[in-house]
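As structure tokens, the structure follows; a few thoughts come after it.
Please treat every number below as a calculation from the coordinates, not as lab data. Everything quoted here is computed from the prediction, not taken from an experiment. Positions of Cβ are generated from backbone atoms using ideal geometry, with glycine treated the same way; all protein chains shown enter the neighbour counts.
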Amino acid sequence: MKITHASLEEAARQGLIGVGQVAPLWDFLQAQTADQPSFRFTHILYYFGGLIAIGAMTLFMNLGWERFGGWGLFWIALAYAGAGLWLTEHFLHRLKLAIPAGIAAAFVVALAPLAIYGLQVAFGWWADGRVYRDYHAYIDWRWLIMELGTLAVGAVMLWRYRLPFLVMPVAATLWYMSMDLAPFLFGATVDWEMRKFVSLWFGLLMILFAFWVDVRSRQARDYPFWLYLFGVLAFWGGLSMLRSDSELGKFLYLCVNLLMIGVGATLARRVFVVCGGLGAAGYVGHLAYEVFRDSMLFPFLLTLIGLGVIWLGILWQRREEAIAARLRAFLPAPLRALVARRH
């Protein structure tokens, strides 16, 4: 539920709170949510600037940087990391700004692959044919050392600072690793079908890990958000790209997507709902264009189904609290606490 200043003023007009309480209560709520990411212009500037800085040292590095050689890249990455650590400390302890501090700390973690690559090149441990910018564009099992090093740096930074945005480069690295593991485990000639299965199972493991973090977390900060995001993308992407020539397989795909929508509604995680909704819509499109392509009744039937779903939503809204309370009674205590916290 989003509380606005106008809603507090309306509550005062209805006599629920005093008129003099509106301003101090609003200031209190603003202070409580100052460090929670939201669609504020200030936060947009924070993240936009941070992503530009991270992108400059990762996605958008050009081939000109290879002229610095291995040691040059290593010391440049180390110097940038030192500046990022100083900014993290300055934002967090001097200015008390957790969001910019988290972005600066994530910048430090994002520099780990460049530093490791520089060391590999400097010691002659890097085979010809790949350069650093390829790390973000091509799948290659040789990136695994860089990914493991990045995870280690991310774990140390998380232990030191406990800032949620630090999970972003860790989750992104795990996503990269899910793609690079396939050629490492099954050889360079592994086909795309095997890559899809690796992505599916690795994504499922990330989702389970995110759920474990979610249940164990007792703080308002949302640490598992990025793990859920990249885990669901890896799982759903691998699942959606699997080929199935049977209608039963496609129907099971629909069931998994509907289950994802239910899980997303239960855990209050939109990424499940969005991906599940896209998958379900894709299955309906398959029915329309393949199974019932010449049927005149299918659009009418689909319209009735859509209206029926809307009617179910109305019934659910009227009895949501009672139904939710009964369903939550069957859940384990930690999961009940999680659902209550998210709602």
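Some values worked out for this structure:
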read-out	value
Note, ³J(HN,Hα) from phi for segment 262-270, Karplus 6.51, -1.76, 1.60, rounded to Hz, x at Gly and Pro	x, 5, x, 5, 5, 8, 6, 10, 5
Amide proton proximity set for residue 17, modelled H, under 5 Å, gap of 5+	12
Per-residue Cβ neighbour rank within 10 angstrom, fewest leading, 246, 240	246, 240
Per-residue ³J(HN,Hα) for segment 277-290, Karplus 6.51 cos²θ - 1.76 cosθ + 1.60, θ = phi - 60°, Hz, x for Gly and Pro	x, 5, x, 5, 5, x, 5, 4, x, 4, 4, 5, 9, 10
J(HN,Hα) series, segment 107-124, from Karplus relation 6.51 cos²θ - 1.76 cosθ + 1.60, nearest Hz, glycine and proline x	4, 4, 5, 5, 7, 4, x, 5, 5, 5, 4, x, 5, 4, 5, 4, 8, x
Potential lengthening between residue 139 and residue 9 on full extension [0.36 nm per residue; Cα-Cα distance subtracted]	41.3 nm
